[in-house]
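Beneath this line is the structure, given in structure tokens, with notes to follow.
Quick note: the coordinates plus some simple rules give every number you see, no bench work behind them. This is a predicted model, so every value here is computed, not measured. All Cβ positions, glycine included, derive from the backbone under ideal geometry; neighbour counts span all protein chains shown.
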């Protein structure tokens, strides 16, 4: 799916195009430049999924865990400061992916792409690329692809 979305249209895009993807997918890997809107997008997804607690960036915790009123678990990762796949494993972060009753939203996932491509989670994982639109900085290009067919160079 490729779609240009104005910031004023973001809520509708999340509700109509993104939330239905949670029916068949558990892991969402967000790739985009600093300030592209990864954290904002994830916050809105969590709010529309019924999370009522304060949603903050997990930059210094690596992962924040949220639940909605139905006890569905949402894990929000920020791997920007995790320097390697070995560090990811040392921190025990891969354990979150084994709970198939939860959803994982990962910012800065580049260090775990190859691991997830080789894992049993590959078919449950989508990559969400967020880019600025050069002609209008209030718009973003969203490209959502299955991890199995994703190549970081493209």
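Okay, here's what the table says:
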read-out	value
Sum of -39500 (n - 2.57) over DSSP H runs of 4+, divided by residues of the chain (222 nm, nearest 500)	-4000 deg cm²/dmol
For 94, 110, order by how many other beta-carbon atoms lie within 10 Å, fewest first	110, 94
Relative contact order, percent, the chain [alpha-carbon distance under 8 Å, six or more residues apart]	34 percent
For the chain, fraction of C-alpha pairs farther apart than 25 Å, in %	24 percent
Likely footprinting exposure, 60, 48, fewest C-beta neighbours within 10 Å first	60, 48
Sorted by Cβ neighbour density within 10 Å, fewest at the top, the residues 135, 17	135, 17
